[in-house]
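Q: Structure incoming, see below.
A short reminder: the numbers here are calculations on the coordinates, not readings from a lab. For clarity, every value in this text was computed on a predicted model and none was experimentally measured. Neighbour counts are summed over all protein chains in view; Cβ atoms, including those assigned to glycine, are modelled from backbone coordinates with ideal geometry.
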Amino acid sequence: MKSFQQNIALISSDPERLNNLKIYITSPKTKIYTFDFQSAFSNILKSEIFDLIIFDLFPNGSYDIKRVSLLRKDKLHQITPFLYLIGKEQSTYKMEIYKDEYSSFLFDPIDKFELLNSIKHLDKINNLEKRLYIYKDVLEGEKQLVNNLDKLLQINLFLQYQELSKAFEEIQFNFIHKMELTFAVEKVVYLYYLEKENSLRLNVFDKENKTLMQRVMFDISKSTIQKTINSKIPYVLEGQDLLDPFIQEIEETIGFEINSLLFAPLSLFHKMHGGFVLINKIYRHNFSENDFSLAILTIQKLKQNLELIQLKKYGYAELSDIFKEKKVTTVPSKEFQLYKNVLESISFGLIVFDEKYVIKFLNKFARDAIGEKYNTNSSLSKVFGEEAVEKIEKSIENNQIPALRQEVLIVRVGAQNLDLGYSIYPVVMDEQKHYALTFMEISQSKHIQSEIIRMDRMASLGVLASGIAHEIRNPLAGIKAMAQTLEEELEGDDAKIEYSQRIVRQVNRLDKLLKSFFSYAKPQRPNPIKCDIPDIVREVLPLFERRIKEKKIQIKEVYSPSLKKIFVDSHQIQQVFFNLIINAIHAMENGGVLTIKARLPEETHPVIDRRQRIPKLFSEIYDEITISDTGTGMEQTTLKNMYNPFYTTKATGTGLGLSIVYQIIREHGGQITVESEVGKGTVFQILLPVYIEKKHEF
């Protein structure tokens with residue numbers, strides 16, 4: 001694992017304190033820059049970026065902290081952690097510091113290890129904030145890709161050309177670059193098909209795209225590309241397909257190492273003309289079904305426009321008889337069948353409905369998503385629900401069509417609710433108004449957004465925790481000591497002894513709450529070792545033996561033979577199982593079944609990490625542990641807030657149990673998900689990294 005240097009700015013008006021503080025915090029992983037306040041604010045802080053800035057305000061009691069606060073308005077320091085060193089007499093500064101979620105403070109005299117701990121904690125918060133900004137940048141990038149997609153599909157601009165050769169110059173010099181942006185790939189090239197030679201030809205131009213430098217021929221007689229040419233359907237080459245001789249030749253020609261390739265053939269009037277080669281996705285390893293479907297739609301629209309150029313050149317009059325003949329025929333044309341096949345194969349839903357909201361067409365994706373029982377002539381309200389259709393009606397009645405990138409929640413009885421992102425376009429069929437509704441399920445995107453928001457809350461709470469820890473615990477220790485001293489001084493039969501004992505009990509209760517709070521706000525880094533899941537479970541279950549017998553709960557343990565050892569901190573994972581099992585027991589007051597299963601699933605990567613935004617800390621393979629109960633289940637409100645700190649439905653709960661569980665799982669690079677239904681029970685699914693034996697080379 002690489003270690004990165006932490007750049008720290010240390011600012012003080014006292015040279016001696018500046019030197020002592022520098023000695024305190026100097027380490028191989030830190031680079032310290034020292035300044036006085038005048039030099040820091042005149043030049044450095046306006047141009048330099050630091051991982052942490054420490055302001056030593058103690059020797060300069062008259063310094064205005066609000067001047068420091070103005071740094072937050074500078075883009076350079078919007079999320080930079082600030083650590084203030086202040087004296088007891090400067091306690092009025094605390095309120096100003098608390099207002100800033102990225103700031104913390106320590107009172108003078110400064111303890112070396114307390115200072116180092118604060119720096120370590122603020123560095124962790126800073127790294128978390130930077131990760132959140134990366135997530136936001138990725139999301140913004142995806143929005144930009146959608147905008148580029150809209151531009152790409154405006155292929156009608158090709159109709160301005162009178163000659164097909166000019167249109168292909170536009171493809172060669174401009175259109176393929178738009179495709180690179182839209183599909184988010186490293187490179188796009190167009191290859192011309194030579195039927196007699198059974199080859200593909202690449203035209204290589206100079207850097208200014210003006211002079212043709214050479215023509216490179218690729219023999220495809222022994223290539224998988226030959227099948228794609230024959231079927232006229234795009235094909236993705238990845239995995240073993242990358243050993244194809246065509247791949248090796250094109251790698252040498254264009255100078256790119258190919259990890260995955262999408263070949264999209266282009267035919268004009270049923271005759272193969274060539275194909276687009278899309279090389280290497282930027283944001284993920286492989287091409288998705290969406291890329292495949294988008295390639296089909298893009299090529300089809302481009303094909304229509306290029307064919308229209310040819311039709312204009314030869315004149316429509318000569319082709320009118322052919323068009324009339326096509327109108328009266330009852331046999332579907334190959335082109336019509338191709339369009340139908342395209343609509344059936346695309347990986348997003350398409351529903352066409354009329355002005356009375358009666359469905360006239362559904363593609364396969366739509367049928368699979370909403371259920372096979374819905375088909376043509378079904379009412380749209382039966383499929384989407386009354387509330388969703390009301391929203392669609394308002395868009396149509398207010399003439400807000402096309403309605404792009406809308407969102408709606410589909411509530412389904414007896415099935416999981418669906419979050420859909422949809423767009424509506426006007427369509428004319430048989431001289432009557434119809435509407436085409438395209439949609440995709442965005443439940444996973446919603447889940448990722450909630451993960452980002454939850455991480456943001458955790459970061460804020462961590463900053464708050466580091467500031468109030470000693471402020472609360474120290475007075476509590478004093479109160480407890482005074483109450484115990486008072487109890488010792490009272491006579492044995494004095495009624496006031498009960499008061500002092502109550503004080504001690506309440507202080508102990510607050511101390512216990514604080515310990516839970518610290519476990520959440522400052523989780524320890526896991527110390528992973530090779531562990532067996534059954535051994536960890538059997539360390540925890542005996543702790544509940546009495547409760548399990550009292551409530552007549554049946555325990556089932558199922559462990560797959562393929563289960564592997566996990567690489568985790570056994571004590572922390574015991575805490576995870578402890579919290580989940582005790583919650584399951586509380587949910588089954590009248591008895592039930594608690595089931596613990598573990599297996600090595602075929603799909604081992606966490607769903608929310610499919611773009612590898614979260615670092616894999618220990619392993620790329622995961623065991624799946626399922627803890628389920630037949631208890632009361634949870635409502636939707638509880639499911640949405642269950643990981644939020646201090647949220648609880650129990651009269652005596654702290655609301656930190658599941659927050660700590662969530663933190664521990666994330667610290668291990670794993671994932672936790674939950675499904676629950678009121679009256680039926682709850683299922684927690686956990687993914688934890690598998691232990692990988694290191695291979696030694698001799």
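Q: How big, on average over all directions, is the shadow cast by the Cα convex hull of region 153-318, in nm²?
A: Value for region 153-318: 10.1 nm².
Q: Counting only C-alpha contacts under 8 Å and six or more residues apart, can you give the relative contact order of region 6-131 as a whole percent?
A: 24 percent
Q: Report the calculated FRET efficiency for Ile401 and Leu159 (r = Cβ-Cβ distance, R0 = 35 Å), to the nearest 0.05.
A: According to the calculation, E is roughly 0.90.
Q: Pop a pseudo-label 7 angstrom from the Cα along the beta-carbon direction at both Glu186 and Leu543 and give the gap in nm to one decimal.
A: Placing both labels 7 Å along Cα→Cβ, they lie 4.9 nm apart.
Q: While we're looking at this one, here's another question. For Leu490 and Asp511 in the same chain, what is the full-extension length gain: residue separation times 0.36 nm, less their Cα-Cα distance, in nm?
A: That pair, Leu490 and Asp511, stretches by 5.0 nm at full extension.
Q: Which entries of Lys360/Lys382; Lys227/Lys364; Lys46/Lys73; Lys75/Lys187; Lys88/Lys130; Lys222/Lys301 show an alpha-carbon separation above 23 angstrom in the structure shown?
A: Lys227/Lys364; Lys75/Lys187; Lys88/Lys130; Lys222/Lys301
Q: Please give me the summed charge of the neighbours of Val558: other residues whose Cβ is under 10 Å from its Cβ, Lys and Arg +1, Asp and Glu -1.
A: Taking every Cβ under 10 Å from that of Val558, the sum is +2.
Q: Using Cβ counts within 10 Å as a stand-in for footprinting exposure, how do Asp494, Asp623, Asp241 rank, fewest first?
A: Lowest count first: Asp494, Asp241, Asp623.
Q: Would you pull out the residues with amide H under 5 Å of Ser378's amide H, same chain only if 5 or more places away, H placed 1.01 Å from N?
A: Answer set, sorted by chain and number: Ile359.
Q: Here's a follow-up. If each residue of separation counts as 0.36 nm, what is the full-extension length gain between Ser221 and Asn209 once their alpha-carbon separation is subtracted?
A: This chain segment gains 1.3 nm when fully extended.
Q: How do His270, His177, His586 line up, fewest other C-beta atoms within 10 Å first?
A: Going from sparsest to densest Cβ surroundings: His270, His177, His586.
Q: Something else: What distance in nm separates the simple spin-label points at Ser560 and Gln248, each placed 7 Å from Cα in the Cβ direction?
A: 3.7 nm
Q: Starting from the 7 Å offset along Cα-to-Cβ, what nm value, one decimal, do you get for the label separation of Asn290 and Phe269?
A: Taking the simple label geometry, Asn290 and Phe269 are separated by 3.8 nm.
Q: Let me ask you something else. Defining a contact as two alpha carbons under 8 Å apart and six or more residues distant in sequence, what relative contact order in percent does region 172-303 show?
A: Worked out over region 172-303, it gives 26 percent.
Q: Cut-off is 10 Å between beta-carbons; in what order do Leu302, Leu311, Leu687, Leu115 appear when sorted fewest neighbours first?
A: Leu311, Leu115, Leu302, Leu687
Q: Something else: Would any residue of region 621-637 have its amide N under 12 Å from a label point 7 Å out along Cα→Cβ of Val678? List them or say none.
A: Those under the cut-off are 633-637.
Q: Residue separation times 0.36 nm, minus the C-alpha to C-alpha distance between Gln38 and Gln685: what's the value?
A: Going from the current span to full extension adds 227.4 nm.
Q: How long, wide and thick is region 6-131, going by the Cα atoms along their three principal axes, in whole angstroms, largest first?
A: Extents along the principal axes: 37, 32, 26 Å.
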